[in-house]
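Everything on this sheet refers to the single structure shown next.
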Amino acid sequence: MQTLSPLELDARVDQWCLRAESGMDPTLSALAVEEHALPAFQLLVRASVLIRAGRGTEALTSAREAMDAARAQGDGLVELHSALALAKALTVSGDLPAALSHFQSGLQRARDLSDRYTEGMFLVNLGFYHGRVNNAEAYEEYTRLALERFREFDSPRAVAHTLNNLAGAVAWQGRYDEALEAYDEALGHARALDWKRGQALILAGIGGVLLRTDRADEGTRHYLQSLALAREVGDAFMVTRHYLLLGEALVGAGRPADALSFLREAVARAEAGGFDFELSSAWEHISRAEEAQGRLGPALHALRRHIEIEKAAGRRRGEEQLERLTLEHRLATAKLEAEARATRNQELEALNNALTEAFERQRKMQAELERIAHHDMLTGLYNRRFLSDLAQRERARAIRSGGTFGVLLLDVDHFKDINDRYGHAVGDAVLLGLGQRLRALLRTADLLGRWGGEEFAVVAVDVDAAGATRTADRLCHGVAAEPFATEAGPVTVTLSCGVTVFRGAPDDLNHLMRMADKALYAAKASGRNGWMLAG
């Protein structure tokens, strides 16, 4: 295979992926016999196709084989791109700690080689990784760096893809007008290229923003246009994903009845395609849509299906790793018997010890994955999804007992100024310390989680409006009373807080959070460093 530049290699891999997705050569048989396609490149393409199809676990094997083959061929560029494929496959398959390690080491390798295009590829994917772990500011920062790299090259597709990610990052932070501008530029590039898969991704992003800004009908139309394009290019994973995203957005927009048909379609397609993560998420949002309409029986059934799938996926990952380790063990045993019968017992004992250690690592990794599923990676507090589940349980308990509880939404005042002045490392240290201080100021029974970015949420158990506002006052004063110690020196932080109280059905969690959010904005408008109670 002739020597290619990083941009040419990326474009060539993308051409073969599109060929597979369009059905022209789904088995990549033509690639296997192409005169200049060496084994490492073939394996890299296969891994890329599997990643784009959402089959992360299968992609892991091809990516590792591609790295080994590239190393044997002495092809450093293909080896580096295979390392990127491995990190992406780890992200898709759910092994986020390993993915982060590979992204960081690959980024450093690209920088050492002064390969700015491949550096951009690692940056945009590292940004997407931070989106997966709910760090919107890091998502935006890495994506902007990637966009700077790609604008140096004649690669409108890479620019369009990165603009799409950037729009998603800023939309996540509530900057919807800025997001729509980025989406519009990305869509212009995608249409000029007649890149239908990219158009589908971008239209779905626009649809999500429109749904979040009370333009539900217009947002739904954009999602349906996206689905039509995804069907046209034959991307089953994207079609499934967009049905799920549309249903999720409609639930968030307060239209659960409209959401159910799309979520059920997502279930059917996820089951057909074997997309476990999307299947689990679809059932979770069906449960929330049913509960929002007061249908507690179907909501409970859907929640059970979500939990069953999550457990089965965790077991399957463990079984796959156990099967791989067992196979490696057997192969190594056979080789030892053939090569060194005199030392067989000693070497087998060492190998068995290594296997025992590997099984123990697997057990610890499984426990860590379960912890990550419920907790925010930076602060160690509950994450948004798990806190929402706990709040739903508290709501059900309050309905049964006739009780009340408070919902508090807290936001760090001028947090962007802290990041801009001191850097993200200091900002992260402030968020970590803030989480610890808030936990110390709350009762043991109160629930605390990171809602996103610099926002935190509290469910104050068994309190009325007076108790909820006393809690808010204690938190605001307790945080402002003492600066946080950081490597840049003491940093003073204040909070704005929106407060609302559950007074019984039909109040649901979405309604409570919207009320708390409105009160939070009122607290901001009144001068910050204080709280407001929703009317």
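The values are calculated or read from the model by the stated rules, or taken from the named source; none is laboratory data. Predicted model, so just to flag it, every value in this text is computed and none were measured. Cβ atoms come from the backbone with ideal geometry, glycine included; neighbour counts cover every protein chain shown.
Assigned to a helix (DSSP H, G or I), in contact with a strand residue (DSSP E or B) (Cβ under 8 Å, 6 or more places away or on another chain) and either surrounded by fewer than 20 Cβ atoms within 10 Å (Cβ to Cβ) or not charged (D, E, K, R) (or both): does that describe V463?
No: the conditions fail for V463.
Can L448 be described as within 30 Å of the chain's Cα centre (by Cα), in a strand (DSSP E or B) and not β-branched (V, I, T)?
Taking the combined requirement at face value, the residue satisfies it.
Tell me which residues, restricted to the range 45-71, are under 18 Å from the mean Cα position of the chain (by Cα), assigned to a helix (DSSP H, G or I) and of a type in the set (G, A, S).
Residue satisfying the conditions is G56 alone.
Restricting attention to the range 97-130, which residues are aliphatic (A, V, I, L, M), within 21 Å of H375 (Cβ to Cβ) and touching a residue at least 24 places away in the same chain (Cβ under 8 Å)?
Answer for the range 97-130, where residues must be aliphatic (A, V, I, L, M), within 21 Å of H375 (Cβ to Cβ) and touching a residue at least 24 places away in the same chain (Cβ under 8 Å): A99, L100.
When you go through T118, T143 one by one, which is the residue that is closer than 20 Å to S48 by Cα, buried (at least 20 other Cβ atoms within 10 Å of the Cβ) and among the β-branched types (V, I, T)?
So the residue among T118, T143 that is closer than 20 Å to S48 by Cα, buried (at least 20 other Cβ atoms within 10 Å of the Cβ) and among the β-branched types (V, I, T) is T118.
Would you mind finding the one in E284, E308 that is assigned to a helix (DSSP H, G or I) and crowded, with 19+ Cβ neighbours inside 10 Å?
Sole residue among the options that is assigned to a helix (DSSP H, G or I) and crowded, with 19+ Cβ neighbours inside 10 Å: E284.
Please go through (1) within 21 Å of the chain's Cα centre (by Cα); (2) surrounded by 21 or more Cβ atoms within 10 Å (Cβ to Cβ); (3) not assigned by TED's automatic domain parsing to the domain that holds W172 for G219 and return the number of the only condition it doesn't satisfy.
Evaluating G219 over (1) within 21 Å of the chain's Cα centre (by Cα); (2) surrounded by 21 or more Cβ atoms within 10 Å (Cβ to Cβ); (3) not assigned by TED's automatic domain parsing to the domain that holds W172 leaves (1) as the failure.
Note down all Cβ pairs under 7 Å where the first residue falls in the range 407-431 and is β-branched (V, I, T), the second is in a loop (DSSP other than H, G, I, E, B) and surrounded by fewer than 20 Cβ atoms within 10 Å (Cβ to Cβ), and they're at least six residues apart or on different chains.
Qualifying pairs under 7 Å: V426/E487; V426/A488.
Looking at this structure, is Q173 among the polar types (S, T, N, Q) and not assigned by TED's automatic domain parsing to the domain that holds F122?
Against the criterion (among the polar types (S, T, N, Q) and not assigned by TED's automatic domain parsing to the domain that holds F122), Q173 does not qualify.
Do we have G74 as surrounded by fewer than 16 Cβ atoms within 10 Å (Cβ to Cβ) and either over 21 Å from M121 (Cα atoms) or at pLDDT 85 or above (or both) here?
Criteria met by G74.
Quick check: is even one residue across the range 287-294 outside any helix (DSSP H, G or I) and either among the aliphatic types (A, V, I, L, M) or more than 30 Å from L96 (Cβ to Cβ) (or both)?
yes
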